[in-house]
Amino acid sequence: MNRRKLITLFLLSTLTLIMGMMPLHAQDPAPIKIGVAVAQSGTASPFGVEQVIGAEIAEAYFNEKGGVNGVPIDIIFQDAGTDENSAINAFNVLMNQENVVGIMGPTLSQQAFAAVPEADRVGVPVIAPSNTAAGIPQISPFNARVSAPVTVLAPIALKTAVELEGVSRAVVIFARNDAFSSSETQLFQSAAAEIGLEVAAVLEYQTTDTSFDILASDAIGNEPDVIVISGLAVDGGTLVRTLRELGYEGVIVGGNGFNTPNIFPICQEYCDGIIVAQAYNNQVETDINLEFRALYQEREGRLPGQFPAQAFTGIQVFVEALIELDNTVGLDSFADDLAGLRSALNDTLLLLEYNTPIGIISFDPDGEVIQGNFYVAQVVMNEDGETGTFSLLVSVNVMPEEAEATEEPVSTPEA
Ligand code: 1QQ
């Protein structure tokens, strides 16, 4: 064999090898990109970091189960910060540069009112993992939430405080520059009126405030036996701390902003006793929750709270809707039609029922979550004054078709 034949043979066999590899490569489809835009920085990050953990656990969990009929999902994180503009920017990067099929985010309702209209313009489905203010699903037909509205949660917490602690005179405090806090306090105030709880004063502050001495003195001066706070984790936790330092000994009811163990290092031993309503409880023994709880505990060395559970759920909604869409229409049929895929995904996700760590959920046509189980917990701090648990007080079942909520007190602590 001469040199030229040898080269030709070499080239031919290399070509065969490459061609042999090509179909294999073509069968290995690109992962499906799902965007997550939550608060990885700023004062909402106590919630956002927990949401990242929930989303990462979901990514690994569903990929382990085969992703979307064999195609893995790839979660693209983009820090949505704590303000409106950062959320808008994160949404734009995910939609227009990363070409994700859908977005889970942002963390705050305040941000959602600014960022979701951007997704609406482009036609990208958005799952809100923690936006609880009134009006969130109505921002856009492309917006659904897995975070139950405060309409359900706030009155439950207040009723529990009255029933368990016998309180009668409240001071209500809220952060006026935050959409969620302003929305939640309305519900606390009307729930107070409904159950005959006297409201001695309604006081306001801003989430950017750093000193709460004047506010706390003012609140205490009204001689309440319960103080009801609608704020976020850092400001709310600092307010609790200040109230206790100034000698307040009554009951404290916190809203959804208190629903993360990340408040523990903020109010420390003074977090003890805060009553808070929750849309998730980690003691629920469904298969999916036991799996989620074990994965979270293995990774974080503690039990999960509401924010990672809702974030896991948001990703689950996307994955299961994508599987349904693939089974019915075939994701391949969209080829390069990303807009068509996004729109079909939005339509599909609104129609399904999901068995998730937060229970069995579905959506109404607006994208409002339909969820049956809620809980009231009380913070129990450990000796170290840094760690603690949400101990379960009451479990509430509010199925929409039932006229009245049934309540059963629970004795098992959340541990
Ligand atoms: C909202 C909230 C916050 C407490 C979530 C982090 O519920 O902004 O709607």
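For the stretch 100-113, indicate whether the set of residues that are surrounded by fewer than 24 Cβ atoms within 10 Å (Cβ to Cβ) and away from the ligand (no atom under 15 Å from the Cβ) is non-empty. Steps first, please.
Within the stretch 100-113, the first condition is being surrounded by fewer than 24 Cβ atoms within 10 Å (Cβ to Cβ), and the residues that meet it are 113.
If we keep only those that are away from the ligand (no atom under 15 Å from the Cβ) too, we end up with none.
Looking through the stretch 100-113, none of the residues is surrounded by fewer than 24 Cβ atoms within 10 Å (Cβ to Cβ) and away from the ligand (no atom under 15 Å from the Cβ).
Pairing residues of the stretch 179-199 that are within 12 Å of Ala154 (Cα to Cα) with residues that are surrounded by fewer than 18 Cβ atoms within 10 Å (Cβ to Cβ) and among the small types (Gly, Ala, Ser), at Cβ distances under 7 Å and at least 6 apart in sequence or on separate chains, gives Ser183/Ala134.
Checking the structure you have, find out if any residue of the stretch 90-103 is part of a loop (DSSP other than H, G, I, E, B), touching a helix residue (DSSP H, G or I) at 6+ places or on another chain (Cβ under 9 Å) and more than 24 Å from Gly330 (Cβ to Cβ). Don't jump to the end; show me each part of the working.
Here is the first cut: in the stretch 90-103, the residues part of a loop (DSSP other than H, G, I, E, B) are 98-101.
If we keep only those that are touching a helix residue (DSSP H, G or I) at 6+ places or on another chain (Cβ under 9 Å) too, we end up with 99-101.
With more than 24 Å from Gly330 (Cβ to Cβ) added as a condition, the list becomes none.
Within the stretch 90-103, not a single residue is part of a loop (DSSP other than H, G, I, E, B), touching a helix residue (DSSP H, G or I) at 6+ places or on another chain (Cβ under 9 Å) and more than 24 Å from Gly330 (Cβ to Cβ).
Across the stretch 349-365, the number of residues qualifying as surrounded by 15 or more Cβ atoms within 10 Å (Cβ to Cβ) and touching a Pro at 6+ places or on another chain (Cβ under 9 Å) comes to 4.
Where residues in the stretch 120-132 are buried (at least 23 other Cβ atoms within 10 Å of the Cβ) and not polar (S, T, N, Q), which of them is farthest from Pro308 (Cα to Cα)?
So the first thing to find is which residues in the stretch 120-132 are buried (at least 23 other Cβ atoms within 10 Å of the Cβ), and the list is 124-132.
Those still in the list that are not polar (S, T, N, Q) too: 124-129.
Working: Val124: 23, Pro125: 20, Val126: 17, Ile127: 14, Ala128: 13, Pro129: 9 Å.
Among those residues, the one meeting the criterion is Val124.
Residue by residue, here is whether (1) charged (D, E, K, R); (2) assigned to a helix (DSSP H, G or I); (3) crowded, with 24+ Cβ neighbours inside 10 Å; (4) not assigned by TED's automatic domain parsing to the domain that holds Ala44 holds:
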position	(1), (2), (3), (4)
Phe307	no, yes, yes, no
Ala311	no, yes, yes, no
Gly314	no, yes, yes, no
Ala321	no, yes, yes, no
Glu324	yes, yes, no, no
Asp336	yes, no, no, no
Leu341	no, yes, no, no
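For the stretch 40-83, taking the residues that are closer than 15 Å to Glu300 by Cα and charged (D, E, K, R), the one that is farthest from the ligand (Cβ to nearest atom) is identified as Glu56. Inspection of the stretch 90-97 finds a residue satisfying the criterion of being aromatic (Phe, Trp, Tyr) and surrounded by 21 or more Cβ atoms within 10 Å (Cβ to Cβ).
Of the residues making up the stretch 388-398, not a single one is surrounded by fewer than 19 Cβ atoms within 10 Å (Cβ to Cβ), modelled with pLDDT of 95 or more and over 17 Å from Pro261 (Cβ atoms). As for the stretch 203-213, it holds at least one residue that is over 19 Å from Phe258 (Cα atoms) and touching a residue at least 24 places away in the same chain (Cβ under 8 Å).
Cβ-Cβ contacts under 6 Å between residues 6 or more apart (or on different chains), taken from a first residue in the stretch 315-327 that is among the small types (Gly, Ala, Ser) to a second residue that is part of a helix (DSSP H, G or I), are listed as Ala321/Leu345; Ala321/Thr348; Ala321/Leu349.
Taken as a whole, the structure places Val162 among residues that are more than 22 Å from Phe307 (Cα to Cα), in contact with a strand residue (DSSP E or B) (Cβ under 9 Å, 6 or more places away or on another chain), surrounded by fewer than 24 Cβ atoms within 10 Å (Cβ to Cβ) and in contact (Cβ under 8 Å) with a residue 24 or more places away in the chain. For the stretch 148-165, which positions are farther than 15 Å from Val394 by Cβ and not polar (S, T, N, Q)? Selection gives Ala148, Pro149, Val150.
For (1) crowded, with 24+ Cβ neighbours inside 10 Å; (2) under 16 Å from the mean Cα position of the chain (by Cα); (3) part of a helix (DSSP H, G or I); (4) more than 16 Å from the ligand (Cβ to nearest atom), each residue gets a yes or a no:
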{"site": "Glu118", "(1), (2), (3), (4)": "no, no, yes, yes"}
{"site": "Gly135", "(1), (2), (3), (4)": "no, no, no, no"}
{"site": "Gln138", "(1), (2), (3), (4)": "no, no, yes, no"}
{"site": "Ala148", "(1), (2), (3), (4)": "yes, yes, no, no"}
{"site": "Ile156", "(1), (2), (3), (4)": "no, no, yes, no"}
{"site": "Ala170", "(1), (2), (3), (4)": "yes, no, no, yes"}
{"site": "Phe174", "(1), (2), (3), (4)": "yes, no, no, no"}
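For the subset of the stretch 178-190 comprising residues that are touching a helix residue (DSSP H, G or I) at 6+ places or on another chain (Cβ under 8 Å) and farther than 20 Å from Asn222 by Cα, which member is farthest from the ligand (Cβ to nearest atom)? Once the filter is applied, the top-ranked residue is Leu187.
The values are calculated or read from the model by the stated rules, or taken from the named source; none is laboratory data. In this text the structure is predicted, and so the values were computed from the model without any measurement. In this analysis, Cβ positions are derived from the backbone assuming ideal geometry, glycine residues included, and neighbour counts consider all displayed protein chains.
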